[in-house]
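This report refers to the structure that appears directly beneath it.
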Amino acid sequence: MVGESLVKGSALTDVLLVLAPSLSLALLVTAHIALVAALAVRTPRWRAALALVVPPLAVVWGAREQLRRTCIVWLTALLLYVVTLSLASIG
């Protein structure tokens with residue numbers, strides 16, 4: 001009985017260590033595209049093109065354009081991705 005719970009816990013841990021980085025990366029990409037799209041409708045429009053290839057610029061310019069919620073989501077997703085990826089590489 002004890003051995004079964006360890007195996008189930010281990011399988012659950014494995015699934016979480018695979019899914020967490022994937023889902024956090026998906027959230028990061030989605031937030032980045034949302035920031036770039038919001039920058040694309042504001043002037044100067046060239047910032048959106050540059051922010052597409054230099055991701056930190058999207059957050060900097062997004063914060064200046066009062067897109068604070070999206071910037072918070074972007075930064076939280078980045079932190080979550082880094083933490084979950086490092087945990088997955090350890091485990």
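The values are calculated or read from the model by the stated rules, or taken from the named source; none is laboratory data. These numbers come from a predicted model, not from an experiment. No Cβ is skipped: glycine too gets one built from the backbone with ideal geometry, and neighbour counts run over all protein chains shown.
Quick notes on this one:
- Filtered residue count, region 10-65, keeping only those that are among the β-branched types (Val, Ile, Thr), in contact (Cβ under 8 Å) with a residue 12 or more places away in the chain and more than 30 Å from Ile90 (Cα to Cα): 1
- Residues in region 60-83 that are farther than 12 Å from Ala38 by Cβ and either surrounded by fewer than 17 Cβ atoms within 10 Å (Cβ to Cβ) or modelled with pLDDT under 95 (or both): 7 in all.
- Every residue from region 66-88 that is more than 11 Å from Ala31 (Cα to Cα), without any contact (Cβ under 8 Å) to a residue 12 or more places away in the chain and of a type in the set (A, V, I, L, M, F, W, C): Leu79, Val82, Val83
- Subset tally (residues that are outside any helix (DSSP H, G or I) and of a type in the set (Gly, Ala, Ser)) for region 8-55: 0
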